[in-house]
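Before any comments, here is the structure.
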Amino acid sequence: MIRKKKILIIDDEEDFSHFLKMNLENTGRFKVFTAVDGQAGVKITQRKKPDVVLLDIMMPGMDGFEVLEKIKGNVKTYEIPVIMLTALDNKECRSEARGSFAGEYLVKPVPLDRLISTIDRVSIYGQ
Amino acid sequence: MGKTILVVDDNPILLTQMTRMLEAEGHKVATAKDGFSALNMLASLTPDVVFVDLIMPNIGGDNLCRLVRKMPHLKDCFLVVVSAAVVEQEFDYRGIGADACIAKGPFDLMKGHIREVIRESDLGQTPQSGRDIRGIETVAVRRITQELLSKSHHLETVLETIPEGVVEVLEGKVVYVNSTAARLFQMEPDGFLGKKFTVLFPRRLQREIISLLETPPGEVSRLGEGEPLSLFDREVTFQCLSMEEVNTKLVIITDVTKYKTVERALKEAMEYNENILHTMADSLVVLKPDLSISYVNRATCDMLGFSPHELFGKQIDQLFFEALSFEEELFESVIRNGVVTEPSMAYRSKAGKRIPVSFLASAMYNDQAPKRNLLGIICIAHDLRKVEQLQQQLFQAEKIASFGVLAAGVAHEIKNPLAIILQGLETLSSGLKSDSGRAMAPDIIARIQKAALRANKIVEGLLDFSRQSPPEFVAADLLEVLRESLTLVEHHFKSSRVTVEERPADVSHRLPMDVNQIKQVFINIMVNAAEAMTSGGKLTIETGDGRHPDGKRFVQVVFADTGPGIAPEMLNKIFEPFFTTKTKSLNTGLGLSVSQGIIERHRGDLRFESESGNGTRVILTLPAE
């Protein structure tokens with residue numbers, strides 16, 4: 001049996017994480033953890049070593065980019081692919097995202113199948 | 001051989017004596033009683049000899065002689081001056097063109113001289129070879145005559161010296177003219193005598209001069225008083241005195257040119273000043289010391305729709321849109337300090353419309369020294385409607401610009417609820433396929449609803465934000481506004497078990513503000529405080545005043561709560577639109593950014609002081625003037 005991929009959702013919108021977790025887990029292919037703020041998110045990344053991190057940018061306290069720095073700056077976690085999943089869409093954010101890790105950047109609301117295909121892509125092929 | 005002789009003398013006895021004598025010797029004699037009549041006669045008579053009395057009315061003998069010498073047809077005429085005054089007065093008969101001179105004395109003694117001169121006229125003797133005054137040795141000096149002559153001379157000197165022109169007119173013709181009059185007519189005095197007065201004037205004035213000369217005896221008439229007549233290059237007025245005792249008229253001509261020039265210059269200056277006041281774009285109202293209106297310029301009438309007489313005498317406060325509570329102080333301050341400005345005032349138009357103005361009053365004194373006589377108060381009002389219009393436009397532009405900034409925040413704020421709704425619907429649709437899924441449906445639906453309502457609240461908050469308008473300033477009491485806001489949010493405090501303590505300072509809280517907008521700010525601050533103190537607490541509201549380093553007065557309100565406070569890293573984010581630490585269901589996060597905007601537009605300041613766990617102090621400062 002194929003191992004379920006471990007997904008960590010770091011987002012302060014609890015209802016969003018709740019639904020996304022259910023939708024991903026309903027496919028049978030994913031095991032989802034959630035963190036409601038950046039600090040918790042970094043800790044869980046270090047402990048659980050997810051296969052993919054879904055990261056919101058606009059959060060109170062530590063924002064998404066700071067979390068990204070922490071993950072990428074730590075030898076234990078820097079290989080983990082991060083998908084910026086945020087409602088904020090503008091050129092600056094995109095280029096900053098690309099600049100910092102040449103990773104993926106998706107704008108909410110994103111259709112579930114698109115999200116899943118992106119998760120698959122970054123987890124198989126890396127970044 | 002018999003000659004034609006003219007005798008001119010005002011003494012009728014002498015006239016008779018000489019006529020009788022000369023006719024007896026075979027001469028033809030004509031007589032005239034004064035120079036005037038003599039001239040009339042000489043128009044058609046060519047006498048061989050003329051006897052002329054020196055002192056006569058209506059053109060005296062000396063003038064007559066001069067005139068005769070000017071007449072071509074009389075060039076061969078033998079002129080003899082006969083005078084009673086030759087002894088008492090220095091007299092050069094040759095100087096006036098006479099050929100001989102006989103002193104008046106007893107007639108018998110004169111006869112001889114008379115015959116003598118008639119004989120000499122025949123011989124065509126020139127005046128230079130003539131002898132001295134004949135008969136002078138027989139006449140004694142008479143003191144009375146001396147005095148009369150002296151007086152007459154004196155009077156003549158006076159007439160010659162006065163700056164008024166004097167012309168004596170008999171039967172419409174000039175019998176006397178002084179040098180001033182001669183100058184005014186630009187002629188030699190001799191040129192006038194015996195001429196018709198009206199002929200001296202240009203045609204356009206003749207009718208008026210004729211009626212001037214028709215002044216009834218004993219009366220005075222005037223011509224040109226209001227509108228002087230122009231005579232050559234001067235402007236003159238006329239007075240005609242018609243005397244009862246004599247039948248001559250005295251015409252006095254006054255040169256008013258200089259006076260008229262000054263008058264005109266003054267009028268021009270006045271008109272220029274009037275023009276300035278008329279052209280001024282700002283309203284100018286001049287008040288008497290009792291604050292009643294004594295003058296309004298055209299701009300005032302245009303601005304308010306009144307006509308000047310509708311405003312004269314009214315008290316200035318009838319122009320104010322609202323009764324100023326500080327009106328007395330305002331005008332006392334004007335009188336004390338000289339000038340007072342009230343940047344946000346409003347006038348009331350005739351139709352009752354509110355006209356916002358920037359008001360400036362200054363006290364007007366005489367002698368330019370303070371504490372002298374207060375003449376009045378000058379009030380200038382600059383119409384701010386245009387300014388307000390521009391401010392509105394600028395404000396709109398700023399709002400539109402800030403919307404760009406806001407749009408990103410809005411997009412984010414609405415996209416999140418939308419993302420929840422869409423993800424939730426996914427969950428719901430797949431969940432409905434199974435029993436366990438169906439059991440979860442109510443929960444899923446509830447969360448979706450919450451998100452939808454939240455999105456709606458965001459939109460409403462945005463609309464509120466978009467409804468912001470530039471402040472409409474009126475003078476109001478901050479404490480009263482604060483208390484009114486308190487009553488509006490009382491229920492928030494009661495439900496959170498929060499007590500409110502007021503500590504108002506004993507200062508004037510009056511300042512210019514937009515009352516509704518300031519209320520909005522107060523409500524925002526107080527609701528935040530109430531919501532922060534979820535488990536009860538106390539809100540203390542203190543007021544005070546002070547002066548900025550630049551001397552400008554301000555009023556301050558401090559709201560201190562006993563809530564959890566704000567963490568330092570949050571403090572600079574709290575004004576950001578959509579920033580909120582409260583549960584996202586109720587709050588849009590726009591309140592403080594709107595409040596900040598309002599306070600900024602009041603040129604005030606809104607600051608937060610807080611430590612985690614130690615409550616929060618909100619310090620609101622507004623300029624008092």
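The values are calculated or read from the model by the stated rules, or taken from the named source; none is laboratory data. Quantities reported herein were computed from a predicted structural model and do not represent experimental measurements. Please note: Cβ atoms are built from the backbone with ideal geometry, for glycine as well, and neighbour counts cover all protein chains shown. Heavy atoms of the whole protein, side chains included, go into the accessibility calculation; ligands, DNA and RNA do not. Shrake-Rupley method; radii C 1.70, N 1.55, O 1.52, S 1.80 Å.
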With respect to B:Thr300, determine if the residue is among the polar types (S, T, N, Q) and open to solvent by 40 Å² or more (accessible area, probe 1.4 Å). no
Unmet criterion (only one of (1) farther than 23 Å from B:Ile518 by Cβ; (2) at pLDDT 70 or above; (3) surrounded by 20 or more Cβ atoms within 10 Å (Cβ to Cβ)) for B:Asn572: (3)
Complete set of residues in region A:66-86 that are open to solvent by 40 Å² or more (accessible area, probe 1.4 Å) and either assigned to a helix (DSSP H, G or I) or closer than 23 Å to A:Ile124 by Cβ (or both): A:Glu66, A:Glu69, A:Lys70, A:Lys72, A:Val75, A:Lys76, A:Tyr78, A:Glu79
Per the filter on region A:1-18, residues of a type outside the set (A, V, I, L, M) and either within 14 Å of chain B (Cβ to nearest Cβ) or under 14 Å from A:Ile83 (Cα atoms) (or both) are A:Lys6, A:Asp11, A:Asp12, A:Glu13, A:Glu14, A:Asp15, A:Phe16, A:Ser17, A:His18
Quick one: what pairs do we get from region B:1-18, first residue surrounded by 12 or more Cβ atoms within 10 Å (Cβ to Cβ), second of a type in the set (Lys, Arg) and part of a loop (DSSP other than H, G, I, E, B), C-beta under 6 Å, 6+ apart or different chains? B:Asp10/B:Lys33
How many residues are open to solvent by 70 Å² or more (accessible area, probe 1.4 Å), of a type in the set (A, V, I, L, M) and without any contact (Cβ under 8 Å) to a residue 12 or more places away in the chain if we restrict to region B:139-187? 3
Based on what the data block shows, is B:Ser429 hydroxyl-bearing (Ser, Thr, Tyr), assigned to a helix (DSSP H, G or I) and within 14 Å of chain A (Cβ to nearest Cβ)? yes
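Show me the strands (runs of 3 or more DSSP E) entirely contained within region B:170-273 in which 1 or more residues are small (Gly, Ala, Ser).
Per the criteria, B:220-223, B:229-231, B:234-242.
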Yes or no: region B:433-440 includes at least one residue that is open to solvent by less than 20 Å² (accessible area, probe 1.4 Å), assigned to a helix (DSSP H, G or I) and facing chain A (nearest Cβ under 9 Å). yes
Looking only at region B:2-40, and only at residues there that are closer than 15 Å to B:Cys65 by Cβ and not acidic (Asp, Glu), the one that is nearest to the chain's Cα centre (by Cα): B:Phe36
Within region B:74-85, identify whether any single residue is closer than 21 Å to B:Glu156 by Cβ, in a loop (DSSP other than H, G, I, E, B) and open to solvent by 20 Å² or more (accessible area, probe 1.4 Å), and answer yes or no. yes
Counted residues in region B:427-452 being aliphatic (A, V, I, L, M) and over 17 Å from A:His18 (Cβ atoms) come to 1
Let me spell it out: the conditions are (1) of a type outside the set (A, V, I, L, M); (2) free of Cβ contacts under 8 Å to residues at least 12 places away in the same chain; (3) more than 25 Å from B:Lys573 (Cβ to Cβ), and A:Lys43 meets all of them except one. Which number is the exception? (3)
Working only within region B:94-110, note down all residues that are over 19 Å from B:Leu79 (Cβ atoms) and among the charged types (D, E, K, R). B:Asp108
When (1) more than 10 Å from chain A (Cβ to nearest Cβ); (2) in contact (Cβ under 8 Å) with a residue 60 or more places away in the chain are applied to B:His412, the one that fails is (1)
Tell me whether region B:285-296 contains one or more residues that are of a type in the set (Phe, Trp, Tyr) and either over 26 Å from B:His602 (Cα atoms) or part of a helix (DSSP H, G or I) (or both). yes
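Residue-wise test of (1) loosely packed, with under 15 Cβ neighbours inside 10 Å; (2) away from chain B (no Cβ under 14 Å); (3) more than 28 Å from B:Ala452 (Cα to Cα); (4) at pLDDT below 90.
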| site | (1), (2), (3), (4) |
| --- | --- |
| A:Leu20 | no, no, no, no |
| A:Gly28 | yes, no, yes, no |
| A:Val36 | no, no, no, no |
| A:Gln46 | yes, yes, yes, no |
| A:Pro50 | no, yes, yes, no |
| A:Leu54 | no, no, no, no |
| A:Gly64 | no, no, no, yes |
| A:Ala97 | no, yes, yes, yes |
| A:Leu106 | no, no, no, yes |
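Within region B:155-178, is there a residue that is in contact with a Cys (Cβ under 9 Å, 6 or more places away or on another chain) and under 18 Å from B:Met56 (Cα atoms)?
Yes, the conditions are met somewhere in region B:155-178.
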Of the residues in region B:458-482 that are in a helix (DSSP H, G or I) and open to solvent by 80 Å² or more (accessible area, probe 1.4 Å), the one that is modelled with the highest pLDDT is B:Glu480
Within region B:305-319, track down each residue that is open to solvent by less than 70 Å² (accessible area, probe 1.4 Å) and under 15 Å from B:Leu284 (Cβ atoms). B:Phe306, B:Pro308, B:Leu311, B:Ile316, B:Leu319
Report every pair of residues separated by at least 6 positions or lying on different chains whose Cβ atoms are under 7 Å apart, first residue within region B:57-69 and at pLDDT 85 or above, second open to solvent by 40 Å² or more (accessible area, probe 1.4 Å) and assigned to a loop (DSSP other than H, G, I, E, B). B:Gly61/B:Ile55
Based on this model, can you work out whether B:Pro564 counts as open to solvent by 70 Å² or more (accessible area, probe 1.4 Å), in contact with a helix residue (DSSP H, G or I) (Cβ under 9 Å, 6 or more places away or on another chain), of a type outside the set (Ser, Thr, Tyr) and in a loop (DSSP other than H, G, I, E, B)? yes
How about region B:90-111: which of its residues are modelled with pLDDT of 85 or more and open to solvent by 20 Å² or more (accessible area, probe 1.4 Å)? B:Lys111
I want to confirm something. Restricting to region B:593-620 and keeping residues that are open to solvent by 10 Å² or more (accessible area, probe 1.4 Å) and of a type in the set (S, T, N, Q), which single residue is nearest to B:Gln391 (Cα to Cα)? B:Gln596
Is it fair to say B:Ile355 is at pLDDT 85 or above, more than 14 Å from chain A (Cβ to nearest Cβ) and over 23 Å from the mean Cα position of the chain (by Cα)? yes
So B:Asp190 passes all but one of these: (1) at pLDDT 80 or above; (2) within 25 Å of B:Ala38 (Cα to Cα); (3) acidic (Asp, Glu); (4) surrounded by fewer than 17 Cβ atoms within 10 Å (Cβ to Cβ). Which condition number does it fail? (1)
